[in-house]
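The values are calculated or read from the model by the stated rules, or taken from the named source; none is laboratory data. Model, not experiment: these values are computed from the prediction. A quick note on method: Cβ atoms are made from the backbone with ideal geometry, for glycine too, and the neighbour counts reach across all protein chains shown.
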Amino acid sequence: LKLALTAYLVSLAVFIPISGWMADHFGAKAVFRAAIAVFIVGSIACAVSNSLPAFVVSRFLQGIGGAMMTPVGRLVLVRATPKSELVAAMSWLTVPALLGPLVGPPVGGFITTYFSWHWIFLI
């Protein structure tokens, strides 16, 4: 399973820098939509994977979507928000990143205890 985590982190390391170029070349909103779609497909593939190689490839795909979502999402926010409201908008964008580590472990533990690890990728 460490290989799956490594695959996810490698895809983040490779695609975060590329996401800025893609946003400039193809348009930030289009890249953001594609990133969400790729992340969802990767998540579903993780949930239905039945072998370690399939799971590793699915995590890599999920990492590609995740790598493009964060920087491109912030770029869309910066471009679409008036300067007077930018600090408040960025604060709201940061809230899920702060709450995730707080809420994620108990919810994840509950799901894996009473359901299956596959469901983690579908929430």
Scope region 46-68; condition closer than 12 Å to Val14 by Cα and without any contact (Cβ under 8 Å) to a residue 40 or more places away in the chain; matching residues: Gly65
So which pairs qualify, if the first residue must be in region 76-89 and under 19 Å from Phe32 (Cα atoms), the second must be among the polar types (S, T, N, Q) and at pLDDT 90 or above, the Cβ gap must be under 6 Å, and the two must be at least 6 apart or on different chains? Ala89/Thr81
Among (1) within 21 Å of Asp24 (Cβ to Cβ); (2) under 20 Å from the mean Cα position of the chain (by Cα); (3) of a type in the set (A, V, I, L, M, F, W, C), Leu86 falls short only on (2)
The lone exception for Ser43 - which of (1) surrounded by fewer than 17 Cβ atoms within 10 Å (Cβ to Cβ); (2) modelled with pLDDT of 95 or more it fails: (1)
Going residue by residue through region 84-93, is there one that turns out to be more than 22 Å from Ser19 (Cβ to Cβ) and surrounded by 14 or more Cβ atoms within 10 Å (Cβ to Cβ)? no
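Collect the residues in region 15-45 that are small (Gly, Ala, Ser) and free of Cβ contacts under 8 Å to residues at least 60 places away in the same chain, keeping them in residue-number order.
Result: Ser19, Gly20, Ala23, Gly27, Ala28, Ala30, Ala34, Ala35, Ala37, Gly42, Ala45.
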Just checking, which of Gly100, Gly73, Gly63 is modelled with pLDDT of 95 or more, under 13 Å from the mean Cα position of the chain (by Cα) and either surrounded by 15 or more Cβ atoms within 10 Å (Cβ to Cβ) or under 29 Å from Ile18 (Cβ atoms) (or both)? Gly63
Is it true that Ser19 is of a type in the set (Ser, Thr, Tyr), under 23 Å from Ser91 (Cα atoms) and surrounded by 18 or more Cβ atoms within 10 Å (Cβ to Cβ)? yes
